1. Just to be sure I understand the model, the point goes 7 Å from the Cα along the line to the Cβ. What's the resulting residue 217 to residue 125 distance in nm?
2. Between residue 234 and residue 79, with labels modelled 7 Å along Cα→Cβ, what's the label distance in nm to one decimal, could you check?
3. Estimate the FRET efficiency between residue 225 and residue 205 by the formula 1/(1 + (r/R0)^6), using the beta-carbon distance for r and 35 Å for R0, to the nearest 0.05.
């Protein structure tokens, strides 16, 4: 069960600022953008704690809310019959979760916290208030979905034409770009997912990911210490990835 209005855990990365969050433009459209504004009861819930391993929602659950990651990280999983779940993506501070459930009115993925995290929840069913127009809000959602579609197309193209080491390079560059966009360091970060998670996401074997990391480290391109990764040579990573990101 999600718990509200608590500070971020010291175990994970810093909270993202509201103005750098994917949900902020929508909050502003709904007049809920400022922390000081009296929020409409039952609509927007800020800083709800999510324990490590806790599920936000499961594949097939009825769509009810959008979530913005305030701190921490999440993994998205596609259910596959008689096969291990396929990793569909990772969501970090500032990212929006759940928008893909709007079209079919059910969430297509299971989303689970990789570490102690927090989210802001926008409960969609409570938005139908007298006198409030949702046209601008709908345009904002369409824009967000358009960005996600463009990203998925780019990811598919990169996976088709890249080998394992190239996919890893593109993955690290994308993580770096996403961290910088949220006002966080882009050259060093913690991998909260497992090597197997990365392998599933990139369409590789765990052994290929491990070998690729070893080669990148041996070449001085990255430094890996446990779960922490430092990007040492952006030029080499960009050369490998062909300037294509995939996270």
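1. Placing both labels 7 Å along Cα→Cβ, they lie 4.8 nm apart.
2. Each label point lies 7 Å from its Cα, and together they span 4.2 nm.
3. Numbers: r = 23 Å, r/R0 = 0.66.
Calculated value: 0.90.
FYI, it's all coordinate maths here, none of it is from the lab. In this text, all values refer to a predicted model and were calculated from it rather than measured experimentally. Note: ideal-geometry Cβ built from the backbone for every residue, glycine included; neighbour counts use all protein chains shown.
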